[in-house]
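In what follows, a single structure is set out as structure tokens and then discussed.
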Amino acid sequence: MREGYEVIYKRPKTLLNKRMHYCPGCIHGTTHKVMMEIVEEMDIQHRTVGVCPVGCSVFAYDYMDVDMQEAAHGRAAAVATAIKRMLPDRIVFSYQGDGDLAAIGTAETIHACNRGENITFIFINNEIYGMTGGQMAPTTLDKMKTTTSPYGRDAATMGMPLKMTEIVSQFDGVVYAERVSFNTPANVRKAKKAIKKAFEIQEKKIGTTFIEVVSNCPSGWKCTPVESMEWIKEKALSYYPLGVFKEPEK
């Protein structure tokens, strides 16, 4: 370190030193960094397993220096369940987008949560199909324009956006469910605490933990990174409020 300079951030050893492929301003990169900070702080790198299916995060295994398993589209919960049952001493998480977890993978998500599988869901909700061209997703906001809803989502014919954290928090098998975001420095700190808490609860083997991250998609939303953060604040968080929806009984 140069004399007179103060280190304010140091890359965790669990985050590989590679240039990320995500679009500028995407919250995926920040989420990766925070998750690997937690893994390093908890000293669980040697027994952490991530499951990454299809979507923008499909190359997460290029950045997270932990054991990773790719899953078919929507099947991360099933794969994570198998890993955890075979290796119960591991910290197992799935890392999924809304098109994966809340669309093609809805059944796997719901039933894993209902069974109380001792895994952690990291659910990235950017209200759109980001990787495949910006189509409407189950989480797309009412009136929100996408490539397949150019006049805006019409709730009367297309239904209302799914609130997955509220849904899974109703299951007895889910012991901790919280919605966070990385849109501000303060929310980054809160999100880190939530993810770390989810991993710590998983260690207790008492049920499923579920963390939803309200994210952005500057490319899919056709806006700048700064504008996308404003959208999260002004639009997304009004429908997807942050907070704890369920936590273990004391």
Test Pro88 against the criterion of being in a loop (DSSP other than H, G, I, E, B), modelled with pLDDT of 95 or more and surrounded by fewer than 18 Cβ atoms within 10 Å (Cβ to Cβ), and give yes or no.
-> yes
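Look at Tyr61 and say whether it is aromatic (Phe, Trp, Tyr) and buried (at least 17 other Cβ atoms within 10 Å of the Cβ).
Values: aromatic (Phe, Trp, Tyr): yes; buried (at least 17 other Cβ atoms within 10 Å of the Cβ): yes.
Yes; evaluated as a whole, the condition is true for this residue.
Residue-by-condition table, conditions (1) surrounded by fewer than 15 Cβ atoms within 10 Å (Cβ to Cβ); (2) touching a Cys at 6+ places or on another chain (Cβ under 9 Å); (3) among the aromatic types (Phe, Trp, Tyr); (4) closer than 19 Å to Ser228 by Cβ:
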position	(1), (2), (3), (4)
Gly130	no, yes, no, yes
Asp154	yes, no, no, no
Met158	no, no, no, no
Phe182	no, no, yes, yes
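One line per residue, one yes/no per condition, for (1) within 23 Å of Phe93 (Cβ to Cβ); (2) not aliphatic (A, V, I, L, M):
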{"site": "Lys193", "(1), (2)": "yes, yes"}
{"site": "Ala198", "(1), (2)": "yes, no"}
{"site": "Thr209", "(1), (2)": "yes, yes"}
{"site": "Asn216", "(1), (2)": "yes, yes"}
{"site": "Trp221", "(1), (2)": "no, yes"}
{"site": "Val226", "(1), (2)": "no, no"}
{"site": "Tyr239", "(1), (2)": "no, yes"}
{"site": "Glu247", "(1), (2)": "yes, yes"}
Considering residues that are touching a helix residue (DSSP H, G or I) at 6+ places or on another chain (Cβ under 6 Å), closer than 20 Å to Gly220 by Cα and either in a strand (DSSP E or B) or modelled with pLDDT under 95 (or both), the number found within the stretch 139-191 is 1
In the stretch 184-227, which residue that is under 17 Å from the mean Cα position of the chain (by Cα) and of a type in the set (S, T, N, Q) is surrounded by the fewest Cβ atoms within 10 Å (Cβ to Cβ)?
-> Thr184
In the stretch 32-41, is there at least one residue being within 18 Å of Thr120 (Cα to Cα) and more than 17 Å from the chain's Cα centre (by Cα)?
-> yes
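The values are calculated or read from the model by the stated rules, or taken from the named source; none is laboratory data. The structure presented is a predicted model; accordingly, all values stated were derived computationally and were not measured. Positions of Cβ are backbone-derived with ideal geometry, glycine not excepted, and every protein chain shown enters the neighbour counts.
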